[in-house]
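Here's the structure we're looking at; comments come further down.
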Amino acid sequence: MKTVIISGISLLTFLFMNASNKSEEPVNKEDLGKLLFFDPILSATKTISCASCHKPEFAFADNRAVSIGVNNRKGTRNTPSAMNLRSHEAFFWDGRAATLQEQALAPIENPSEMNLPIDIAVGRLQNNRRYNNYFRLIFNSRPTKALLGEAIASFELTLETTDSPFDNWKYYDDSTKVSEAVRRGFEVFNGNGKCVKCHFGSDLTQNEFRNIGLFNGRQLNDSGRYAITKNRGDIGKFKTPGLRNIAITAPYMHNGMFKTLKEVIDFYDNPARKVPRAINRDTILTKPLGLTRREKEDLEAFLLSLTDKQFLKQTK
């Protein structure tokens, strides 16, 4: 896939930004959140916005293993998609944010991301005549920390996708939208692949934390959920992500270690082969799945069918 670049900004990001700027003023909190999401005013150097890491053309994820923040600082975990979050119950790979509003504010202060204390960020908005007017128009208040989080979260909640081949097949009963391979792959997903045990529901996530075998205490030493709860049973556990638009959110896993869906499927087929001495691996993955080559290909076809229509050209 080729990505068109305009002065260092991807074409789709440019179009999103342009769409935000065309209206004279936002008319609701979702519009205001969109402006803020694309505005680098919220970073210490005024060079990084939320959209710098959550890129529209990659389903508001990133195409790097870890994103680059202010002063070229590297993050520590892969940037997840900011789309299809309405059904989610915890945020970040380790679940440290209980609400989307809380999640929206955290990257602003993170030293490796936007590196700007929230009080200073809010002060910038209060001293910006345009934003001050927008907040008063929409919230009848000057900018505050809580309203900043609410605005960005409200925009993120508009990023729902429901127009994929899978949706048209399962929810609109149009079998012409998917291939035989997709239908077989759906059976693998629910059967031999055991995927449905963790990925279920409208966004294909159970909102759980699982250890899939990517922690061994050595080269793979991110303890995940354990760093938040200090519960030894949570060592190596990470949030189960949703699977919508997964075809364009590579690389995969919390550390971005897999570049393709084929690699992901091969890993799940036999996790111990990739990480032989993983600690606290989930019992679901104790034994190899033993998927055949065709089952793997069909499973990949099913995962590709979860791509919303607006992104389909990028998977061809």
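Spelling out what I want: for every residue of the stretch 27-36, take phi, set θ = phi - 60°, compute 6.51 cos²θ - 1.76 cosθ + 1.60 (Karplus), and round to whole Hz; glycine and proline get x.
So the J values, rounded to whole Hz, are 9, 8, 5, 5, 4, 5, x, 5, 4, 5.
Of the listed values (i) 62, 48, 34; (ii) 76, 51, 41; (iii) 130, 46, 35, grab the one calculated as Cα extents along the principal axes in Å from the structure here.
The calculated read-out lines up with (i).
Please get the size of the charge dipole for the chain, origin at its Cα centre, with Cβ charges of +1 on Lys and Arg and -1 on Asp and Glu, quoted in debye to the nearest 20. Provide the component values of the computation, followed by the final result.
Working: 45 positive and 35 negative charges, 198 e Å.
So the dipole magnitude of the chain works out to roughly 960 debye.
Based on Cβ point charges of +1 for Lys and Arg and -1 for Asp and Glu, what charge dipole magnitude is obtained for the stretch 77-170 about its Cα centre, in debye rounded to the nearest 20?
480 debye
Projecting each Cα onto the charge dipole of the chain (Lys/Arg +1, Asp/Glu -1 at the beta carbon, about the Cα centre), which of ASN168, PRO107, VAL196 comes out farthest on the positive side?
The Cα lying farthest towards the positive end belongs to PRO107.
Over all alpha-carbon pairs in the stretch 178-316, figure out the percentage whose distance exceeds 19 Å.
Considering the stretch 178-316, 52 percent of its Cα-Cα pairs are separated by more than 19 Å.
Along the Cα→Cβ direction, 7 angstrom out, place labels at GLU160 and GLU187. What is the inter-label distance in nm?
Rounded to a tenth, the inter-label distance reads 3.2 nm.
Which of the peptides 32-40, 254-262 is most tightly packed, and how do the rest follow, judged by the mean count of other Cβ atoms within 10 Å per residue?
Working: 32-40: 23.0, 254-262: 16.7.
Answer by packing, highest mean first, reads 32-40, 254-262.
Based on the alpha-carbon gyration tensor of the stretch 5-156, what equivalent-ellipsoid semi-axes (square roots of 5 times the eigenvalues) come out, in whole Å, largest first?
Numbers: eigenvalues 98, 64, 50 Å².
Listed largest to smallest, the semi-axes of the stretch 5-156 are 22, 18, 16 Å.
Could you give the length gained by full extension between ASP174 and ASN133, i.e. 0.36 nm per residue of separation minus their alpha carbon distance, to one decimal place?
This chain segment gains 10.0 nm when fully extended.
Could you work out how far apart the two model spin labels at ALA98 and ALA272 are, taking each label as a point 7 Å from the Cα in the direction of the beta carbon, and quote it in nm?
4.0 nm
Quick check for me: using +1 on Lys/Arg Cβ and -1 on Asp/Glu Cβ, what's the dipole size of the stretch 5-156 about its Cα centre, in debye to the nearest 20?
340 debye
Taking the mean number of other Cβ atoms within 10 Å as a proxy for protection, how do you rank 149-162, 212-225 from highest to lowest? It would help to have the intermediate numbers written out before the result.
On the way: 149-162: 20.4, 212-225: 17.4.
Result, highest mean first: 149-162, 212-225.
List the residues, sorted by chain then number, that are 5 or more residues from LYS237 or on another chain and whose placed amide H is less than 5 Å from its amide H.
ARG225, TYR226
FYI, it's all coordinate maths here, none of it is from the lab. These figures come from a predicted structure and were not determined experimentally. Using ideal geometry, Cβ is built from the backbone for each residue, glycine included, and neighbour counts are taken over all protein chains shown.
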